[in-house]
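Student: Quick one: the structure is below, and I'll ask about it shortly.
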Amino acid sequence: MQEQDVIVDLAIEPRSLPTTRGWDWIVQAFALFRRAPTAWVGLTGLFVVLMLGLSFIPILGGFISTLIGPILLGGLTVAAHNTALGDKPKITDLFVCFKFRTIDLIKVGAYYMLGTMALLFVFSGIVGALEWLGLIQALPEQITSFDQVSQLWPLGVVILLCFMLVYSAYFYAPALVVLAEMSATEAMKMSCLAFWRNWSPILMMSLLGALLLMLLMLPFFLGLIIGLPVALITSYVCYVDVFSNPNSTGEPL
């Protein structure tokens with residue numbers, strides 16, 4: 001019985017991987033893209049159009065897109081999972097999570113939004129208090145000199161680290177909800193743990209991915225037809241590698 005419990009625990013235990021895995025994830029994602037390039041271009045284009053369309057809705061656009069985003073990301077995770085199993089992804093995969101795991105995916109978006117809002121609220125309060133006490137100068141509306149940049153960069157680093165703490169809880173959460181069948185709360189806790197165990201390969205993946213996307217934008221943005229789908233698939237590849245292939249066998253979803 002104890003042996004069985006250990007096996008179950010290890011099935012969802014995130015591994016700590018070397019920095020170089022960041023590049024491997026991009027290469028593996030491109031290999032998955034090559035299995036069904038037309039389908040993935042269509043999925044990615046529809047995803048981008050829907051997210052942009054939702055974000056442009058007056059007043060409530062950002063709120064709605066944040067809640068719907070994890071559902072669509074869950075659909076892309078299903079499409080990548082099916083591709084990895086040898087099944088051709090379908091456009092309908094993008095919407096499959098409107099039929100299952102929907103509530104938990106909406107909760108992931110809601111918790112992420114609340115975490116971001118709380119972070120901004122607390123940070124604004126701290127800055128306001130420090131200004132009132134005279135410990136720091138009022139933040140300038142415009143940066144006009146290098147001296148201002150040198151004074152503000154520590155504050156920028158703090159903001160970035162705080163945002164990364166919130167984002168780390170979101171990073172793997174949609175995939176954990178869909179493929180590992182976790183609740184939103186469990187998924188976000190596990191995502192945070194996995195993210196910080198693998199911050200260095202994730203950083204390498206992000207930096208190299210951003211560089212490649214910039215290069216692909218040069219020929220009239222045409223390279224993004226390949227770059228954006230690969231970037232989205234990379235999230236799935238990263239998840240499978242870190243979590244030692246949970247639910248990586250079996251029938252397509």
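The values are calculated or read from the model by the stated rules, or taken from the named source; none is laboratory data. The model shown is predicted, which means the values in this text are computed figures rather than measured ones. All Cβ positions, glycine included, derive from the backbone under ideal geometry; neighbour counts span all protein chains shown.
Student: Specify which of the listed residues (Met204, Met190, Met182) is part of a loop (DSSP other than H, G, I, E, B), surrounded by 15 or more Cβ atoms within 10 Å (Cβ to Cβ) and in contact (Cβ under 8 Å) with a residue 24 or more places away in the chain. Steps first, please.
Tutor: Values: Met204 fails: part of a loop (DSSP other than H, G, I, E, B); Met190 fails: part of a loop (DSSP other than H, G, I, E, B).
Unique residue meeting the criteria: Met182.
Student: So in the range 61-96, with the set limited to residues that are of a type in the set (S, T, N, Q) and touching a residue at least 24 places away in the same chain (Cβ under 8 Å), which one is nearest to Gly115 (Cα to Cα)?
Tutor: The extreme case among them is Thr66.
Student: Identify, by number, the condition in (1) over 21 Å from Thr234 (Cβ atoms); (2) of a type in the set (A, V, I, L, M, F, W, C); (3) surrounded by 13 or more Cβ atoms within 10 Å (Cβ to Cβ) that Ile57 doesn't meet.
Tutor: Checking Ile57 against (1) over 21 Å from Thr234 (Cβ atoms); (2) of a type in the set (A, V, I, L, M, F, W, C); (3) surrounded by 13 or more Cβ atoms within 10 Å (Cβ to Cβ), the one that fails is (3).
Student: Residue check: is Pro70 under 26 Å from Leu212 (Cα atoms) and modelled with pLDDT under 95?
Tutor: Numbers: under 26 Å from Leu212 (Cα atoms): yes; modelled with pLDDT under 95: no.
No; evaluated as a whole, the condition is false for this residue.
Student: Looking at Leu54, Leu119, Leu105, Leu50 in this structure, which one is at pLDDT 95 or above, of a type in the set (A, V, I, L, M, F, W, C), in contact with a helix residue (DSSP H, G or I) (Cβ under 6 Å, 6 or more places away or on another chain) and part of a helix (DSSP H, G or I)?
Tutor: On the way: Leu54 fails: at pLDDT 95 or above; Leu119 fails: at pLDDT 95 or above; Leu50 fails: in contact with a helix residue (DSSP H, G or I) (Cβ under 6 Å, 6 or more places away or on another chain).
Only one candidate passes the filter, namely Leu105.
Student: Can you tell me which residue is surrounded by the most Cβ atoms within 10 Å (Cβ to Cβ) among those in the range 75-115 that are farther than 25 Å from Phe243 by Cβ and among the β-branched types (Val, Ile, Thr)?
Tutor: Only one residue fits best here, namely Ile91.
Student: Out of Val41, Val27, I need the residue that is modelled with pLDDT of 95 or more, surrounded by fewer than 19 Cβ atoms within 10 Å (Cβ to Cβ) and within 15 Å of Tyr236 (Cβ to Cβ). Which one? If you could, list the steps in order and put the result at the bottom.
Tutor: On the way: Val41 fails: within 15 Å of Tyr236 (Cβ to Cβ).
After applying the criteria, what remains is Val27.
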